[in-house]
1. Looking at segment 9-22 only, could you name the residues that are of a type outside the set (V, I, T) and surrounded by 15 or more Cβ atoms within 10 Å (Cβ to Cβ)?
2. If I ask for residues that are in contact with a strand residue (DSSP E or B) (Cβ under 6 Å, 6 or more places away or on another chain) and open to solvent by less than 50 Å² (accessible area, probe 1.4 Å), which ones from segment 23-64 would you list?
3. Across segment 69-99, what is the number of residues that are open to solvent by 100 Å² or more (accessible area, probe 1.4 Å) and assigned to a loop (DSSP other than H, G, I, E, B)?
Amino acid sequence: GLGKCSDLEKAFATAALVYNNAADPEGKLSKAETKSLLQTQFRGFIQGQENKPKHREIISTLDEESENKIDFEDFMILLVSLTLMSDLLQEIKNVKTKK
């Protein structure tokens, strides 16, 4: 039923689908799996951000040895955080879509 959805709804549905396809039966990802998913599916937003302190802080939390797993809500917070600091976001802001 995504045919009648808005572009924004489709974007969030895609994010949920990508997450769910990678998640364990409990609907969670290990921190290592989360980092890998971000590196493969969110590359455009995180590429070139490695030297930013906030980016390093976010990624270092995923590198920590921990039994804690990431749920979908935490994953979306990571996506938003990484998007807000991304150079790609500025490029996107400069693009005007036709109505």
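The values are calculated or read from the model by the stated rules, or taken from the named source; none is laboratory data. Here the structure is a predicted model, which is why all the values come from computation and not from measurement. Cβ atoms come from the backbone with ideal geometry, glycine included; neighbour counts cover every protein chain shown. What goes into the accessible areas is simple: the full protein's heavy atoms, side chains included, and nothing from ligands, DNA or RNA. Shrake-Rupley method; radii C 1.70, N 1.55, O 1.52, S 1.80 Å.
1. A15, Y19, A22
2. A23, L29, S30, T34
3. Going through segment 69-99 one residue at a time, the tally reaches 5.
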